[in-house]
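The values are calculated or read from the model by the stated rules, or taken from the named source; none is laboratory data. These figures come from a predicted structure and were not determined experimentally. No Cβ is skipped: glycine too gets one built from the backbone with ideal geometry, and neighbour counts run over all protein chains shown. Accessible surface areas use protein heavy atoms only, side chains included; no ligands, DNA or RNA. Shrake-Rupley method; radii C 1.70, N 1.55, O 1.52, S 1.80 Å.
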Amino acid sequence: MVTISLLWELSDEKLIEAYQQATLMNLDETFIEMLIEEIATRGLESRIHSHVS
């Protein structure tokens, strides 16, 4: 998988927001998977579930 090295520069909040927007907009699955991997690396999985509206 291609890694976007700049994901680590996003704040945790911006990363979560990017994931939420990407899923709402049905963006490319590979991009969403990269966001999920970064979220997992940071241990933020519980935050993506707590932000679901």
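Kindly indicate the residue of the stretch 6-23 that is without any contact (Cβ under 8 Å) to a residue 12 or more places away in the chain and under 13 Å from I48 (Cα atoms) and also least open to solvent (accessible area, probe 1.4 Å) among those meeting that condition.
Among those residues, the one meeting the criterion is T23.
Cβ-Cβ distance below 8 Å, separation of 6 or more or different chains: which pairs start in the stretch 38-49 with a residue that is farther than 16 Å from A22 by Cα and end on one that is at pLDDT 90 or above and of a type in the set (D, E, K, R)?
Correct list of pairs: R42/D12; L44/D12.
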